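What follows is a short report on a single structure.
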Amino acid sequence: MSNFAIEVDNVSKTFAGLRAVDSVSLSIPRGERRVLLGPNGAGKTTLFHCISGTHQPTAGRIVMFGRDISRVSENGRTTLGMGRTFQISNVCTDLTVMENLLLGMLGTKSQKWSMFRPVASDSQLVGKAVASLKEVGLQGRENEEVKYLSYGERRQLELALALSSNPRVLLLDEPCAGLSPSERQHFSKLVSGLSREITLLMIEHDIDVALALADKVTVLHRGKMIFDGPPEEVQKNTDVKEVYFGRL
Amino acid sequence: MNYRVVGIVVLAALLAAVPSVASEYWLVLFTQILIFGLLALSADLLLGHAGLFSLCHAAFFAVSAYTVAILQTRYGVSTIPASLAGLCMGTLLAAVFASAVRTRGVYFILITLAFGYIVWGVAYRWASFTGGDNGVTNVPAPALGGLQVVSKAHYYYFVLAVLAICLASYRILTTSPFGLALRGIKSSESRMRSLGYRVGAHLYVAFVISGFYASLAGVLYIYYNRFVNPVAASFPISVEAILMAIIGGTGTMLGPFIGSGIILILRNWVSGFFHYYTAVLGLIFIATVLWAPNGVMGLIRSWRSGNRGEGA
Amino acid sequence: MTAIILQAINGLSLAALLFLLASGFTVTFGLMRVVNMAYGAYYLLGGYIGLSVMRTTGSFELAMLVGSVAIVILGFFVDRFLIRPIGSNHLAQVLLTVGVAFFIGEVCLAIWGGDSLKIQLPSYLRGSVELPGGIYYPKLRIALIAFGILTATSLWLLYHKTQIGAVVRAGVDDREMVNAIGINVDRLFVLVSAVASFLAGIAGVVGGAFLTLNPGAEWDILVLALVVVIVGGLGSLEGAVLGSIVVGLLDAYGRWLAPDFSYFVLFGPMAILLLFRPTGIFGKEH
């Protein structure tokens, strides 16, 4: 089996003539924590969508653990062990926190098709859900409808959902966006506390959070990869300075 | 929780007592309310749980009613096999029409509407087989084994028994992982996909199950009405079923039956002195959308949460 | 051979009628995201009003004018006081406009009764013309096809060659943008909706002469128009043209070759098309 969790092989994505992602290749070894940097409109989220299967790349291949998953549907990739969060919180707002999490845990199991038994009667499943809510700091909020959660709590639920299928590869799209500094700290602690078994690919705007977490950094600019290397070097790289730090 | 159990027991007792206290007029009307409530409930499985607005449920209802009627009157098939055939035909049709779940939103609404018209058109124009405008008449009373269900009261009890089973299965279905997934899809399709759900497959199966319940309503209807004509397949029946679900409150079990009661009692009352009932129905549509989009159950819910205080 | 050509002309004349109704539906949806199921009822009411005008004055032109203007006024009030307040919820729009259609249908029934009525043609539209090849064909149908082509051409010019058309097209693609460049969208909506109502009213008067006016006709014609819109793609004028022709021809040949299953001939291909292109031929995601 391949040593790489994710390989992006020459992937391009074009929208109505605009190249959002332009021939990007990157390889992420198992267990690595990779942070994707880049100014707005650099193509980070589009690349994410290509990896998660939300978008079909215009050209190139996506490989997960040595298997070409370019033709695998979004839900199929989840079943193969991919989990993700969305840049803008995407949770089922009409349902309770618990129901969201149950859906997450059932999503990769054939049990999701069960029609003959109330889901709440599965005490083992419910117990696990309670435990993982505690992990992200949402204990006691189980029966709250998601629409009444605060913004920060929704981000926490978003992370819990992404983890609920026990993914081997986790894609986090700006998990800290819009959070207060203290919430940010809490969140980066949560992320750094994740099992090292999980390969992590993360988009992050906050440089400090990014550099603290990353094993390796990739910088995108206008759809192209302009840097790929260890975090210590990223701030010294002249290309990166020009397009990224130069803007600050 | 206890209130709920008490409520169910009281409701069941009241419903069981209807034949002994009500006149035949009300007994027949009640039977009708239960049957159309089931049709509304079937449409609400898609609307209230999965978020799909189907306008072709009269098609499954009518196809199963026609199947039973034709088998019984023309081929002398007895009640139970004819009913099973009716259920099969209605559900099979639903399995074909369920291809509409490839689309969403307005397209889904318009396509199901067009699908519904196919069935109406066939019922109306293929007169040599369906009897055209006159439909199929003289359907015999249902017979279970050697037992003929002739009296109106007996048939009412029969419908009530079938409904009890339906509601129990519906309740389990909507609280099961599958039912929860439908509500998840209604809330956020993209999230459900990224959680590993094949959204299309879930909606397809939900559509077929919904068609099954509608077909069951069709079987109950044909033995209630003893004849069927193209009106059963027509667009107003489909849209009325949706209206009943909304007036009562979508996503609930009781709501569609409350809605069915309101609409049918109103129709019977208004038709007594006013010739143009459909105009009144039109006004009900408009009023519901403008002033009571969450229906009776929605009003009860907001009243209760108001009593308990906000966010309780 | 003659029969095949005759059926083609039958189909095209129905296509012209359907286009009048479908183009309004599709453009109002494209621009305002409003699903108005009352267009069928507008058609019927416009036709009945035209019928009464024709009976009292004998002028077909006046019938068309009064019928369509009456519908423009009705459409304005329905838009402003019923559809506008409920916002962009399609479910609510469908239920509400179905309610409006039921109401209008019953009003028509109360006034004009349940019999099938036909609008008397003016003398210059009666009789037949001889087409090349020695085929005789009713003048009315030829005139209807010509009228359909004229309407489609003027709408196309309006849509593609004028400033208002450019704004409408921009609005179909991206409504926020039109808002952002400071165009009075409200006034634009009223205008487009008036054009759509106008076309529905005209279609009713023409349809009253070409087909018949009777209770239920509003739904028959609406469903055909909806199939046109589904096949062509919501929001696309070109789609409405193509869809009308396809539906008109399928209907004519279907009625001719398989009268019992003509609905099937019409909807079957539509269902298959949608399995491969769920948004119709020219449609975009909405």
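Can you tell me how many residues within the range B:109-165 are assigned to a loop (DSSP other than H, G, I, E, B) and away from chain C (no Cβ under 14 Å)? Show your work before the answer.
First, pick out the residues of the range B:109-165 that are assigned to a loop (DSSP other than H, G, I, E, B): B:126, B:131, B:135, B:137-142, B:145-146, B:149-151.
Pick out the ones that are also away from chain C (no Cβ under 14 Å) and you get B:135, B:137-142, B:145-146, B:149-151.
The number of residues fulfilling the criteria is 12.
Out of the residues in the range B:71-103 meeting the condition of being surrounded by fewer than 19 Cβ atoms within 10 Å (Cβ to Cβ) and assigned to a loop (DSSP other than H, G, I, E, B), tell me which one is farthest from the other protein chains (Cβ to nearest Cβ).
B:Ser78
For the range B:193-223, enumerate the residues that are part of a helix (DSSP H, G or I) and at the interface with chain A (Cβ under 7 Å from one of its Cβ atoms).
B:Arg193, B:Ser194
Just name the residue that is nearest to B:His202 (Cα to Cα) out of those in the range A:45-74 that are facing chain B (nearest Cβ under 9 Å) and buried (at least 21 other Cβ atoms within 10 Å of the Cβ).
A:Glu74
Scan the range C:263-275 and report the pairs whose first residue is more than 18 Å from B:Ala233 (Cβ to Cβ) and within 9 Å of another protein chain (Cβ to nearest Cβ) and whose second residue is aromatic (Phe, Trp, Tyr) and assigned to a helix (DSSP H, G or I), with Cβ atoms within less than 8 Å and a gap of 6+ or a chain change.
Within 8 Å, the pairs are C:Leu274/B:Tyr107.
Which of the residues spanning the range B:245-257 are out of contact with any Asp or Glu (no Cβ under 8 Å at 6 or more places or on another chain), in a helix (DSSP H, G or I) and modelled with pLDDT under 95?
Of everything in the range B:245-257, those that are out of contact with any Asp or Glu (no Cβ under 8 Å at 6 or more places or on another chain), in a helix (DSSP H, G or I) and modelled with pLDDT under 95 turn out to be B:Ile246, B:Ile247, B:Gly248.
For the condition crowded, with 20+ Cβ neighbours inside 10 Å, touching a residue at least 24 places away in the same chain (Cβ under 8 Å) and within 14 Å of chain B (Cβ to nearest Cβ), what is the one hit in A:Arg141, A:Arg77, A:Arg34?
Step by step, each of A:Arg141, A:Arg77, A:Arg34 is checked, and only A:Arg77 is crowded, with 20+ Cβ neighbours inside 10 Å, touching a residue at least 24 places away in the same chain (Cβ under 8 Å) and within 14 Å of chain B (Cβ to nearest Cβ).
Does A:Thr108 satisfy being touching a strand residue (DSSP E or B) at 6+ places or on another chain (Cβ under 8 Å) and either surrounded by fewer than 24 Cβ atoms within 10 Å (Cβ to Cβ) or in a helix (DSSP H, G or I) (or both)?
Answer is no for this residue.
With respect to C:Val53, is the statement that it is touching a Ser or Thr at 6+ places or on another chain (Cβ under 8 Å), of a type outside the set (Phe, Trp, Tyr) and modelled with pLDDT of 90 or more true?
Considered against the rule, which asks whether it is touching a Ser or Thr at 6+ places or on another chain (Cβ under 8 Å), of a type outside the set (Phe, Trp, Tyr) and modelled with pLDDT of 90 or more, C:Val53 comes out as yes.
Among the residues of the range B:224-244, how many are away from chain C (no Cβ under 14 Å), assigned to a helix (DSSP H, G or I) and crowded, with 24+ Cβ neighbours inside 10 Å?
Adding up the residues that qualify gives 1.
Yes or no: the range C:188-201 includes at least one residue that is within 30 Å of A:Ala16 (Cβ to Cβ), over 19 Å from the mean Cα position of the chain (by Cα), part of a helix (DSSP H, G or I) and modelled with pLDDT of 80 or more.
Looking through the range C:188-201, at least one residue is within 30 Å of A:Ala16 (Cβ to Cβ), over 19 Å from the mean Cα position of the chain (by Cα), part of a helix (DSSP H, G or I) and modelled with pLDDT of 80 or more.
Of everything in the range B:175-187, what is buried (at least 22 other Cβ atoms within 10 Å of the Cβ), without any contact (Cβ under 8 Å) to a residue 24 or more places away in the chain and either over 18 Å from B:Val208 (Cβ atoms) or more than 7 Å from chain A (Cβ to nearest Cβ) (or both)? Give them in sequence order.
Scanning the range B:175-187 gives B:Leu180, B:Gly184.
State whether the residues of the range A:144-151 include one that is touching a Cys at 6+ places or on another chain (Cβ under 8 Å) and either in the same structural domain as A:Phe65 (by TED's automatic domain parsing) or crowded, with 18+ Cβ neighbours inside 10 Å (or both).
yes
Conditions first: (1) touching a residue at least 12 places away in the same chain (Cβ under 8 Å); (2) more than 10 Å from chain B (Cβ to nearest Cβ); (3) farther than 21 Å from A:Asp206 by Cα. A:Gly152 passes all but one, so which condition is the exception?
(3)
Against the condition under 14 Å from the mean Cα position of the chain (by Cα) and either surrounded by 14 or more Cβ atoms within 10 Å (Cβ to Cβ) or more than 25 Å from A:Gly38 (Cα to Cα) (or both), how does A:Leu179 come out, does it pass?
Here the answer is no, as A:Leu179 does not meet what is asked.
If we keep just the residues of the range A:216-247 that are of a type in the set (Asp, Glu) and over 13 Å from A:Leu36 (Cβ atoms), which is surrounded by the fewest Cβ atoms within 10 Å (Cβ to Cβ)?
A:Glu232
Between A:Val97, A:Val126, A:Val119, which is within 7 Å of another protein chain (Cβ to nearest Cβ), surrounded by 17 or more Cβ atoms within 10 Å (Cβ to Cβ) and over 15 Å from A:Leu171 (Cβ atoms)?
Going through A:Val97, A:Val126, A:Val119 in turn, the sole match is A:Val119.
Being part of a loop (DSSP other than H, G, I, E, B), of a type outside the set (D, E, K, R) and not assigned by TED's automatic domain parsing to the domain that holds A:Asp215 narrows it down to one of A:Gln87, A:Gln56, so name that one.
Checking each option against the conditions leaves just A:Gln87.
I'd like to check which helices (runs of 4 or more DSSP H) are fully inside the range A:143-248 and have at least 3 residues that are under 28 Å from A:Thr96 (Cα atoms) and at pLDDT 90 or above.
Answer list for the range A:143-248: A:151-163.
In the range C:223-239, is there at least one residue being surrounded by 20 or more Cβ atoms within 10 Å (Cβ to Cβ), under 22 Å from C:Gly208 (Cβ atoms), in contact with a Phe, Trp or Tyr (Cβ under 6 Å, 6 or more places away or on another chain) and more than 12 Å from every other protein chain (Cβ to nearest Cβ)?
no
The values are calculated or read from the model by the stated rules, or taken from the named source; none is laboratory data. Here the structure is a predicted model, which means the values were calculated and not measured. Reconstructed Cβ throughout: ideal geometry from the backbone, glycine too, with neighbour counts over all protein chains shown.
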